[in-house]
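Written below as structure tokens is the structure these notes are about.
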Amino acid sequence: MLKHMNFIVYCLEEYRWAHKLSGRHVVSIFEKHNLYEFIENSYDALHTFGSDNILWNLQDYIEHRGEYGHGHEHGRGVNQ
């Protein structure tokens with residue numbers, strides 16, 4: 001069970017609204033890119049950000065994860 005489920009749901013909903021996607025589509029994106037783990041591991045920083053910054057971090061992680069294996073390593077991900 002994820003420790004920060006309420007925050008993860010908040011991130012899912014913000015992402016869904018910002019990209020005008022269905023909930024099912026957003027869940028598949030989060031699963032494909034392992035965003036649940038990213039959010040759990042980055043919670044201490046992410047939960048202090050506003051919605052725009054959270055969305056930027058999620059998108060940055062998706063776009064750069066392949067370059068480094070994980071977006072939050074090598075200076076990518078949280079609070080870039």
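Coordinate-derived values only; no laboratory data. Owing to the predicted nature of the structure, the values given are computational and were not obtained by experimental measurement. Note that we place each Cβ from the backbone using ideal geometry, even for glycine, and neighbour counts take in every protein chain shown.
Put +1 on the Cβ of each Lys and Arg and -1 on the Cβ of each Asp and Glu in segment 5-68; which of Tyr43, Gly23, Asn53 then has its Cα farthest toward the positive end of the dipole?
Towards the positive end, the residue furthest out is Gly23.
Among Arg24, Arg65, rank each residue by its count of other Cβ atoms within 10 Å, from fewest to most, as a rough exposure measure. Can you show the working numbers first?
On the way: Arg24 8, Arg65 19.
Listing Arg24, Arg65 from fewest to most nearby Cβ atoms yields Arg24, Arg65.
About its Cα centre, how strong a charge dipole does segment 5-68 have in debye, to the nearest 20, once Lys and Arg get +1 and Asp and Glu get -1 at the Cβ?
Numbers: 5 positive and 10 negative charges, 65 e Å.
Result for segment 5-68 is approximately 320 debye, rounded to the nearest 20.
In nm, to one decimal, how far is the Glu31 label point from the Ala18 one, both placed 7 Å along Cα→Cβ?
A separation of 2.2 nm, rounded to one decimal place.
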